[in-house]
Each structure stands twice: as structure tokens, then as C-alpha cells.
Amino acid sequence: MLDKTYPYFLANRPQQPNADLEVRDKYSGKIATRVAVPDGKAIGKAIASAAAAASPMRAFKPWARQAVLEHCVARFTERRDELAMALCIEAGKPIKDAAGEVTRLIETFRIAAAEAVRIDGQTLTLELAPRLDGYHGYTKRVPIGPVSFITPFNFPLNLVAHKVAPAIAAGCPFVLKPSEKTPIGALIIGQVLAETDLPKGAFSILPVDGRHASPLVEDERFKLLSFTGGQIGWDLKARAGRKKVVLELGGNAACIVDGDQRGKLDAIVERLVFGAFYQSGQSCIGVQRIYAHASIYDTLKKKLVAATKKLKAGDPRKKDVFIGPMIDEAAAERLQGWVEEARKAGARLLCGGKRQGNMLEATLMEEVPRGAKANRMEAFGPFALLAPFDTFDEAIAKVNDSDYGLQAGIFTDSLEHAMRAWDELEQGGVIVNDIPSFRVDNMPYGGVKLSGFGREGVRYAIEDMSETRLMVMRRPG
């Protein structure tokens with residue numbers, strides 16, 4: 001069960017001046033708990049505290065940063081069931097998926113703990129000409145300074161972890177704005193961080209709404225803004241000034257099923273169903289577009305529809321439930337509208353499409369027109385479309401015919417096709433013989449085109465949150 005109320009965190013300390021934010025159980029719609037909301041003065045104090053903590057965090061030794069991260073790993077492990085249930089309630093995430101996200105939270109902090117003590121520099125060869133005899137160069141990585149983070153509702157633990165854990169490893173104080181729809185996971189992380197020896201001001205966690213988050217974007221004391229969310233990220237980038245900006249802005253991920261996969265379709269369908277519909281499709285790399293070779297298209301379609309119809313929807317607390325609620329009724333109504341728009345434009349509904357409140361059935365369509373929102377935009381819900389292709393060139397072109405480019409998948413036994421996909425797909429990542437939804441927390445993750453720019457993944461985030469400092473030394477004499 002959730003606590004009755006949760007504080008926000010200002011300069012490492014819990015603050016409970018009010019309980020103004022209602023957090024609802026996404027399945028029942030009932031108020032599950034209440035959260036304290038900071039005012040503008042508190043936001044200003046958080047930024048000032050982060051700026052003041054820059055020097056103490058830089059001086060906080062790598063072994064001490066590692067100890068903080070290892071403490072988090074231990075405490076998250078102890079509180080695993082509590083964290084999973086919080087996810088289940090505040091995000092409507094089926095309990096199996098919630099438990100999996102807790103595992104990834106722990107893994108991300110464990111990876112960061114290992115990286116904290118191996119942020120190394122280089123020795124540079126500078127004796128490139130006679131005039132440079134006796135010169136030697138050395139670099140080291142130093143923390144960039146205060147950083148700000150804005151995270152969305154769909155992974156309230158793991159997307160927070162991918163910002164917070166690298167910041168601690170790099171030695172950067174941070175201010176985090178979690179989604180006001182799902183703040184509890186981040187606040188539990190704050191409870192654990194408050195148990196550590198982090199310098200005062202090292203972290204603040206402020207569940208404010210987007211209207212009051214402007215200082216986290218615009219304040220020049222921040223040296224980096226990392227934002228995960230929708231296309232509003234481009235506006236935030238324009239307002240961010242001279243600071244570094246990392247954006248992960250979603251996608252409409254595609255998956256190719258090559259013609260040589262006929263004997264593997266059952267296993268492929270199992271992965272496609274998971275990729276399209278886990279946590280009700282509310283994933284930036286959820287499978288949205290499926291392109292199958294014409295020789296296997298009808299067989300794949302039949303198997304995929306049958307498997308989709310077997311998915312159980314309902315109360316996400318039940319272990320046999322696969323489809324839970326979407327984040328709110330407006331999101332479900334929006335996607336149902338896209339389905340209806342596509343149907344009126346000539347698309348064929350294969351299964352699903354019905355909605356009750358914020359519960360939308362797992363939905364498959366084919367013959368979706370190129371210009372339909374369900375094809376061009378990010379569905380971010382339990383929806384996928386199918387289309388056949390005749391040649392591999394056609395498949396590549398279909399995947400690339402998108403304004404997004406986060407990750408794509410391809411099932412093939414052809415090394416040539418796998419390498420061509422890697423070379424030619426306009427994506428941040430290509431997953432061979434699995435779905436685009438695959439992610440491990442140490443790999444570089446991010447996209448191109450409207451999907452944003454920059455890369456997450458612990459080591460890559462640490463690099464963004466640090467800068468190279470050079471020393472050149474001339475040998476005496």
C-alpha cells in the first residue's frame with residue numbers, strides 16, 4: 001500500500017508544506033495518495049542549493065559516489081515489492097511489468113556504481129614534430145555542474161534512474177521534475193537518497209506541473225537539461241540557452257519480418273505481441289509498425305491476431321493481466337480516435353478498437369493509409385499496424401518513411417539484410433532478431449529526426465554530465 005502522503009525533496013530533505021497533488025489509482029480512478037507540491041520559492045531554493053553543491057559534489061570522491069549508489073541498490077532490493085506496487089497503482093502498470101521495471105532500476109544503479117570509479121582520462125602523444133619535443137598531454141573528466149531532469153509518466157522508475165544514477169556517478173547535483181501523474185516512484189528514490197551521505201543540495205525532487213517548470217529549463221546555473229517526453233522537447237531546447245540539452249522524444253517503432261522466418265513465426269509473434277502491448281503500449285520503443293514479407297504475411301497476421309485476442313485485460317494487480325489501463329481517459333480516447341480515423345480512410349480493423357474509460361483493447365489494423373495519424377505519429381498505446389512488402393528495399397523504405405527514428409527491429413537469417421538494416425535504417429538503434437523494444441541499461445539509447453538527439457545509457461549519460469579538462473606539461477630542461 002502507498003503512504004497516505006508523500007513529501008517532495010528540497011536540498012536532500014523531505015518537505016511537506018501541503019498535500020495538494022492527488023495521485024490516482026489509474027485502474028480504479030480513486031485517489032491513492034497525496035503529494036506535497038513546491039511553490040516558486042521552493043523551486044528557486046532547489047536551484048540555488050544545486051549550484052552551491054557543485055563544488056562539494058566535485059570533491060565527493062569516486063568511492064563515496066559508488067557507496068551511495070550501492071546503498072541505493074541494496075535499499076531498492078529491500079523495497080522491491082513496495083516499488084512494484086507503487087508503479088502498479090500510480091501508472092496502472094501490470095504487476096509483472098512493474099516488477100520488471102524495479103529490476104531495471106536496480107540494474108541501472110548497479111551499473112552506475114561500477115562506472116563511478118572508472119571515469120578515466122587519457123595520455124596524449126603531443127611530440128608530433130621537433131618543436132614539440134618534451135611536451136606531454138593528459139586529460140581527465142570532471143563534473144559539468146548542476147543538471148536538471150524532466151521525466152514522463154510511463155517509466156516512473158527506470159527513466160528517472162537513467163538520469164539520477166549517472167548524475168551521482170559523475171558528481172553532478174541535480175533537480176528532478178518527475179511527472180505529476182506518476183511522482184511516487186521518484187519520491188521513493190528520494191527517500192533512499194536522503195539516507196546517504198550525499199552533500200547538502202546534491203538533489204531535489206519537485207513534482208510540479210509543466211506550467212511551473214520553466215526555471216528548470218531556462219536557469220543558466222544549470223549546465224545540462226535532460227528531457228524525456230513528447231515533442232514539446234524542441235520548445236524546451238529553444239528556451240534552454242547555452243546549456244547542453246539531451247532529448248528523447250519518442251517514436252513509432254517499426255519491425256521487419258523477413259521472408260526466411262516462416263519456421264520461426266510462433267516465437268516472433270510472441271515477441272511482437274509483447275513489444276506492441278506490454279504496459280498498454282505506453283513505451284517510446286513499443287512496436288507500432290510491423291512489416292512482413294508478402295510470402296509469410298497472411299500466416300503471420302493470422303497468428304498475431306489470435307495471440308492478441310488471448311491477452312487478458314483488467315486490474316493490473318492481478319498477475320495474469322497483460323493489458324492494464326492507459327494513463328488517463330484522454331489518452332485512450334485520443335488513440336481510439338486515431339483508430340476510427342484510419343478505419344474511415346480505408347484501414348481494416350483486425351481486432352480490438354473498443355474502449356471503456358481509460359481501458360483500450362489491444363488493437364491491430366492493416367491497410368492503414370500512409371498519412372493517417374496511426375501511421376505517422378506516435379500511438380503510445382495498445383496499437384500496432386501490419387503491412388506486407390515484396391522486396392527488402394521496400395521494407396527499408398517503409399521503415400524510413402517516418403518522422404521518427406528511435407529504434408527498429410528486424411527478424412532475419414540474412415547477414416546481408418542485417419548489415420543493410422544497420423547501414424540504411426534512419427534509427428538510433430537497430431535490433432537484429434528481436435523487437436525494437438529491447439533495451440539494456442548500459443547500451444547507448446536515443447534517436448534521430450523527431451525522436452530527439454543525444455544518448456542515454458549509464459556511461460553515455462556520464463560523458464554528457466562531465467567535461468574534458470586538459471593539462472599539457474613540458475619536460476624541464
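The values are calculated or read from the model by the stated rules, or taken from the named source; none is laboratory data. Since the model is a prediction, treat every value here as computed from it, not as a measurement. With ideal geometry, Cβ positions are generated from the backbone for all residues, glycine too; neighbour counts draw on all protein chains shown. Please note that ligands, DNA and RNA were not included when accessible areas were found on the heavy atoms of the full protein model with its side chains. Shrake-Rupley method; radii C 1.70, N 1.55, O 1.52, S 1.80 Å.
One line per residue, one yes/no per condition, for (1) open to solvent by 10 Å² or more (accessible area, probe 1.4 Å); (2) over 23 Å from M359 (Cα atoms); (3) in contact with a helix residue (DSSP H, G or I) (Cβ under 9 Å, 6 or more places away or on another chain):
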position: A254; (1), (2), (3): no, yes, yes
position: D266; (1), (2), (3): yes, yes, yes
position: C284; (1), (2), (3): yes, no, no
position: A292; (1), (2), (3): no, yes, yes
position: K303; (1), (2), (3): yes, yes, yes
position: K309; (1), (2), (3): yes, no, no
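Of all residues being within 21 Å of G454 (Cα to Cα) and outside any helix (DSSP H, G or I) in the range 210-220, which is most open to solvent (accessible area, probe 1.4 Å)? Just the residue, please. Among them, the one singled out is E220. In the range 368-391, the qualifying residues are those that are open to solvent by 10 Å² or more (accessible area, probe 1.4 Å) and assigned to a strand (DSSP E or B), and the one that is nearest to E340 (Cα to Cα) is A387.
Looking only at residues in the range 38-71 that are among the basic types (K, R) and touching a residue at least 12 places away in the same chain (Cβ under 8 Å), which one is nearest to Y8 (Cα to Cα)?
K45
Residue-by-condition table, conditions (1) of a type in the set (D, E, K, R); (2) in contact with an Asp or Glu (Cβ under 6 Å, 6 or more places away or on another chain):
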| residue | (1), (2) |
| --- | --- |
| I396 | no, yes |
| D403 | yes, no |
| A408 | no, no |
| D413 | yes, yes |
| A421 | no, no |
| Q427 | no, no |
| V432 | no, no |
| P436 | no, no |
| D441 | yes, yes |
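Looking at the structure I just gave you, is A240 modelled with pLDDT under 95, more than 30 Å from A395 (Cα to Cα) and not aromatic (F, W, Y)? So A240 does not fit the description; no.
Taking the listed residues T108, T123, the one that is at negative phi and surrounded by 16 or more Cβ atoms within 10 Å (Cβ to Cβ) is T108, with no other qualifying. Pairs meeting the criteria (first residue in the range 312-330 and closer than 13 Å to A98 by Cβ, second residue charged (D, E, K, R) and open to solvent by less than 10 Å² (accessible area, probe 1.4 Å), beta carbons under 7 Å, at least 6 apart or on different chains) are P316/K93; G324/K93. Of all the criteria given as (1) open to solvent by 10 Å² or more (accessible area, probe 1.4 Å); (2) farther than 22 Å from T108 by Cα; (3) among the polar types (S, T, N, Q), the one not satisfied by T412 is (1). For the range 134-153, the count of residues that are assigned to a loop (DSSP other than H, G, I, E, B), in contact with a Gly (Cβ under 9 Å, 6 or more places away or on another chain), of a type in the set (D, E, K, R) and over 29 Å from I89 (Cα atoms) is zero. For the range 76-105, filtering for residues that are surrounded by fewer than 20 Cβ atoms within 10 Å (Cβ to Cβ) and not hydrophobic (A, V, I, L, M, F, W, C) leaves 10. Taken together, A74, A98 contain a single residue that is part of a helix (DSSP H, G or I), aliphatic (A, V, I, L, M) and in contact with a Leu (Cβ under 6 Å, 6 or more places away or on another chain), which is A98.
With respect to K264, is the statement that it is farther than 30 Å from T363 by Cβ and touching a residue at least 60 places away in the same chain (Cβ under 8 Å) true?
Working: farther than 30 Å from T363 by Cβ: no; touching a residue at least 60 places away in the same chain (Cβ under 8 Å): yes.
Here the answer is no, as K264 does not meet what is asked.
Number of residues in the range 1-37 that are in contact (Cβ under 8 Å) with a residue 40 or more places away in the chain, open to solvent by less than 80 Å² (accessible area, probe 1.4 Å), more than 13 Å from P183 (Cβ to Cβ) and in a strand (DSSP E or B): the value is 2.
Of all residues in the range 162-195, those satisfying the criterion of being in contact (Cβ under 8 Å) with a residue 60 or more places away in the chain, under 23 Å from K237 (Cβ atoms) and open to solvent by less than 10 Å² (accessible area, probe 1.4 Å) are H162, K163, P166, A167, A170, C172, P173, F174, V175. Among the residues of the range 298-334, those identified as in contact with a Phe, Trp or Tyr (Cβ under 6 Å, 6 or more places away or on another chain) and either farther than 24 Å from E180 by Cα or part of a helix (DSSP H, G or I) (or both) are L311, K312. Restricting the range 235-248 to residues that are touching a residue at least 12 places away in the same chain (Cβ under 8 Å) and exposed (fewer than 15 other Cβ atoms within 10 Å of the Cβ) leaves a set whose member that is farthest from Q16 (Cα to Cα) is R242.
Among the residues making up the range 339-367, those that are open to solvent by 20 Å² or more (accessible area, probe 1.4 Å) and either modelled with pLDDT under 95 or under 25 Å from A408 (Cα atoms) (or both) are R348, L349, L350, G352, E361, E367. Count of the range 279-297 residues, restricted to those that are aliphatic (A, V, I, L, M) and part of a strand (DSSP E or B), is 2.
Let's see how each residue does on (1) in a loop (DSSP other than H, G, I, E, B); (2) basic (K, R); (3) under 15 Å from the mean Cα position of the chain (by Cα); (4) farther than 17 Å from L10 by Cα:
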site	(1), (2), (3), (4)
P166	no, no, yes, yes
T182	yes, no, yes, yes
L187	no, no, no, no
G201	yes, no, no, no
G241	yes, no, no, yes
N252	yes, no, yes, yes
C255	no, no, no, yes
G263	no, no, no, yes
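Exactly one residue out of E467, E426 is closer than 18 Å to L249 by Cα, open to solvent by 70 Å² or more (accessible area, probe 1.4 Å), at pLDDT 95 or above and not β-branched (V, I, T): that is E426. Only a single criterion out of (1) touching a Gly at 6+ places or on another chain (Cβ under 6 Å); (2) buried (at least 24 other Cβ atoms within 10 Å of the Cβ) is not satisfied by A54, namely (2).
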